[in-house]
1. Taking the stretch 234-261 as the search range and keeping residues that are at pLDDT 95 or above and in contact with a helix residue (DSSP H, G or I) (Cβ under 8 Å, 6 or more places away or on another chain), which one is farthest from V305 (Cα to Cα)?
2. Go through (1) assigned by TED's automatic domain parsing to the domain that holds F136; (2) under 29 Å from G109 (Cβ atoms); (3) in contact (Cβ under 8 Å) with a residue 12 or more places away in the chain and name the single condition D235 misses.
3. Can you spot a residue in the stretch 291-314 that is surrounded by fewer than 18 Cβ atoms within 10 Å (Cβ to Cβ) and hydrophobic (A, V, I, L, M, F, W, C)?
4. Among the residues of the stretch 270-291, is there at least one that is over 25 Å from W114 (Cα atoms), free of Cβ contacts under 8 Å to residues at least 40 places away in the same chain and outside the structural domain of M115 (by TED's automatic domain parsing)?
5. If you take the residues in the stretch 138-157 that are out of contact with any Asp or Glu (no Cβ under 8 Å at 6 or more places or on another chain) and either modelled with pLDDT under 95 or surrounded by fewer than 16 Cβ atoms within 10 Å (Cβ to Cβ) (or both), which one is farthest from V227 (Cα to Cα)?
6. Tell me, yes or no, whether the stretch 81-102 has at least one residue that is among the aliphatic types (A, V, I, L, M), crowded, with 20+ Cβ neighbours inside 10 Å, touching a Pro at 6+ places or on another chain (Cβ under 9 Å) and closer than 30 Å to L58 by Cβ.
7. Having 1 or more residues that are in contact (Cβ under 8 Å) with a residue 12 or more places away in the chain, buried (at least 16 other Cβ atoms within 10 Å of the Cβ) and touching a Cys at 6+ places or on another chain (Cβ under 8 Å) is the bar; report the strands (runs of 3 or more DSSP E) wholly within the stretch 1-71 that clear it.
8. Can you tell me which of G123, G174 is modelled with pLDDT under 95 and surrounded by fewer than 20 Cβ atoms within 10 Å (Cβ to Cβ)?
Amino acid sequence: MFARGETVVQLMEKLAPKHYAVQDDKIGLQVGTLRKEIKKVLIALDVTPEVVDEASALGCELIIAHHAVIYRPLAHLRTDTPAGALASALLRNDIAVYISHTNLDTADGGMNDWMAEALELEGRGVLEEVHTDKLFKLAVFVPETHAEAVRNALFQAGAGWIGNYSHCSFNVPGTGTFLPREGSEPFLGKPGKLEQAAEIRIETVVPDSVRKAVVSAMLKAHPYEEVAYDLYPMDLKGRSFGLGRVGKLASAESLDAFAERVKTALDVPFVRVVGAPDKSIRKVAVLGGSGSRYIRHASFAGADVLVTGDIDYHTAHDALAAGLAIVDPGHNAEKIMKRKVAEWLGNKLKEQKYETEVFASQIATEPFRLK
């Protein structure tokens, strides 16, 4: 059985939820339709004519890309222009394009974590906060016989996390009363007779990002026909998600040695370096894509170096003045996402018994070369 397009995207959004994206970012379905069976998916950094040809040759019905194929407003859709010709090729081959951009950058276990892991950074934190998970308190009343089963269902769905502690809950015994009415099918008691039951009030914390999944798991595990529960927002800050990562190397190394590390880890042919060759590097900030505006963020975080792309001349001077080194591997260093997303999504589809295949694009979309 092959997954439908809507299902593939729903799985992708478990890795990179759309609400993690920065405001006005061009994400989501941009070309074609998801209302079809998907036998093959291609993961790409950019959607170019060569990538479309690759997808067509493989027989892919869907491309999931990092960079938007429609980024600037289109005044027209003429097939004698590059943008129009690209759209025409996609539509002619019935290939849909779905974009996962800053939501993938921000996601836990997404783009910036992959880059930080490649550089072997330890004790990672967020460079700039974009989204904070709201917290809810869930209280549910469960018969004593089923309290453990319901608790386990809540925890497995993502409830009960407080900092680095999981399976957190508070349990209070009590007596529940109810009178089943005509047409009811009570788990305990009989219709028309007032019933008293020994119950446990289970309280736990639920992040907004898994709220629906937690409630669904609770209702499925609960034995009652009608489940009594409360769910209300808390005035507490949940987990933060954001762009970029800050972490430390296991030991300090020179800037030039670190630049070589970046070239190897991110598989790029060259890097641009700002700073003295022998500058000691231990604390590192990394941000995939274009990071010129994050110089202050990296300096404020106490980083010795910022690894990011598209650094301009004046920003480089600003970094030097601030005592911050820069290693610029280019925007195309984000190509790390092709293999990572393909592996993640492919595994999720297999777990759900779908035969849909996922491929990482082999097309190089780096526009620059050294001469």
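The values are calculated or read from the model by the stated rules, or taken from the named source; none is laboratory data. Remember, it's a predicted structure, so these values are computed and weren't measured experimentally. Glycine gets a Cβ as well: all are built from the backbone with ideal geometry, and neighbour counts include every protein chain shown.
1. L243
2. (3)
3. Yes.
4. No: zero hits.
5. Q156
6. So far as the stretch 81-102 goes, yes, one or more of its residues are among the aliphatic types (A, V, I, L, M), crowded, with 20+ Cβ neighbours inside 10 Å, touching a Pro at 6+ places or on another chain (Cβ under 9 Å) and closer than 30 Å to L58 by Cβ.
7. 40-44
8. G123
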